[in-house]
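Only one structure is covered here, and it is reproduced in the block below.
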Amino acid sequence: MENVIILGTGCAGFTAAIYAARANLSPLILEGRQPGGQLTTTSEVENFPGFPDGIDGFTLMEHLRKQAVKFGARIENAFVDKVNLKESQKILFSGEKSFLAKSIIIATGAGPRLLGIPGEREMYGGKGVTTCATCDGAFYRNQDVVVIGGGDSACEEALFLTRFCSKVTLLHRRNELRASKIMAERTLAHEKIFPVWDSTVEKVLADDDGRACAVEVRNLKNLEVTQVPCKGVFIAIGHIPNTQPFDGILSLDENGYLLPEKGSMVRTSIPGVFVAGDCADHIYRQAITAAGMGCQAAIEAERWLAEL
Ligand code: NAP
């Protein structure tokens with residue numbers, strides 16, 4: 001039986017692995033469908049402490065992987081689709097295969113919800129379509145961008161983008177924002193943010209270099225289709241946490257995020273089961289906060305194993 005199995009190879013998973021490996025727990029990391037996690041889709045990470053000149057997401061994840069392996073972590077490719085979690089033992093199933101552990105750290109991350117429209121996938125990550133203003137906003141200095149969505153995330157993204165961009169068009173499918181009152185008021189009062197109501201984006205249009213240059217927008221009231229020129233398309237229509245195997249076994253909130261026990265950021269209701277990163281955090285969703293949770297989860301796992 002393994003001491004600790006870590007699910008996920010994003011910032012949370014690899015940081016947990018570095019700490020667990022340095023505690024001589026010889027952790028096994030199960031790499032899911034997106035090795036390296038969401039950061040591997042980001043071109044440049046400028047806000048991870050310790051890299052004053054920035055680092056591209058893929059390289060950062062390669063560094064974390066190397067560091068985890070150097071201290072004795074083992075990596076196996078397996079997508080966990082079913083679990084049986086008891087205090088005495090945790091069984092993880094990946095198709096026909098199963099893994100047995102005394103403790104587990106769930107760091108399965110979350111994926112941005114996308115629209116599923118033409119142009120979106122083709123230009124995603126480096127060609128003008130993105131889901132992270134904090135990561136990519138600075139690349140659109142003095143340019144016009146659009147933000148799609150009407151929740152707190154969309155407002156937060158739009159407000160953040162006003163620091164760099166000349167104009168932020170906020171495209172929302174209804175005529176009022178879903179965001180909290182204070183966020184909505186702040187957003188609508190901003191001189192650089194221009195809301196477009198009752199409108200859905202149907203297509204992202206590319207220039208000759210294959211980069212986004214406009215979105216095609218349909219007004220749902222009069223069905224008119226117009227083009228909104230923009231260099232950046234920020235999609236902020238929510239995230240989907242990768243927590244399906246734990247539904248009905250661990251506490252999830254109404255959006256599917258894992259809920260830690262009261263008084264802890266990483267402990268769950270099942271002793272020896274810990275959570276870290278975006279699968280349990282819908283608020284901060286940053287590489288550094290995920291890494292911090294991974295560290296906490298590994299320390300908690302180490303203490304729990306020591307008490308066994
Ligand atoms: P959200 O509240 O679920 O809002 C998603 C927005 O995207 C909604 O306005 C929704 O429109 C729109 N949308 C969803 N699917 C769409 C589609 N297919 N096409 C067009 N529009 C679509 O998600 P979120 O903004 O990411 O927030 C998630 C949670 O995190 C919320 O509880 C939020 O309060 C919290 N959060 C808090 C903060 C903060 O407090 N600072 C910041 C970010 C997030 P409709 O309104 O028409 O449904």
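Each value in this text was obtained by applying a stated rule to the coordinates, not by laboratory testing. Quantities reported herein were computed from a predicted structural model and do not represent experimental measurements. We place every Cβ from the backbone using ideal geometry, glycine too, and count neighbours over all the protein chains shown.
MET123 satisfies every condition listed in (1) touching a helix residue (DSSP H, G or I) at 6+ places or on another chain (Cβ under 6 Å); (2) away from the ligand (no atom under 16 Å from the Cβ) except (1). Is there a residue being over 30 Å from SER94 (Cβ atoms), more than 14 Å from the ligand (Cβ to nearest atom) and under 20 Å from the mean Cα position of the chain (by Cα) anywhere in the stretch 207-229? No, the conditions are met nowhere in the stretch 207-229. Filtered by the rule that a residue be under 15 Å from ALA107 (Cα atoms), away from the ligand (no atom under 16 Å from the Cβ) and of a type in the set (A, V, I, L, M, F, W, C), the stretch 242-284 gives PHE246, LEU250, MET265, VAL266, VAL273, PHE274, VAL275, ALA276.
Can ALA184 be described as within 20 Å of ARG113 (Cα to Cα) and within 12 Å of the ligand (Cβ to nearest atom)? Spell out how you get there, then give the answer.
On the way: within 20 Å of ARG113 (Cα to Cα): no; within 12 Å of the ligand (Cβ to nearest atom): yes.
So ALA184 fails the test.
Pairs are defined by a Cβ separation below 7 Å, a sequence spacing of at least 6 or placement on different chains, a first member in the stretch 97-117 that is touching a residue at least 24 places away in the same chain (Cβ under 8 Å), and a second member that is within 15 Å of the ligand (Cβ to nearest atom) and acidic (Asp, Glu); the pairs so defined are GLY109/ASP278; ALA110/ASP278; LEU114/GLU120; ILE117/GLU202.
Residue count for the stretch 160-180 satisfying the condition of being aromatic (Phe, Trp, Tyr) and outside any loop (DSSP other than H, G, I, E, B): 1.
Step by step: first the residues of the stretch 126-152, then only those that are in a loop (DSSP other than H, G, I, E, B) and within 11 Å of the ligand (Cβ to nearest atom), then the one that is surrounded by the fewest Cβ atoms within 10 Å (Cβ to Cβ). Which residue is that?
Going through the stretch 126-152, the residues in a loop (DSSP other than H, G, I, E, B) turn out to be 126-128, 131-132, 141-143, 149-151.
Add one more test, that the residue is within 11 Å of the ligand (Cβ to nearest atom), and what stays is 131, 149-151.
Numbers: THR131: 26, GLY149: 26, GLY150: 24, GLY151: 18.
Ranking the candidates gives GLY151 first.
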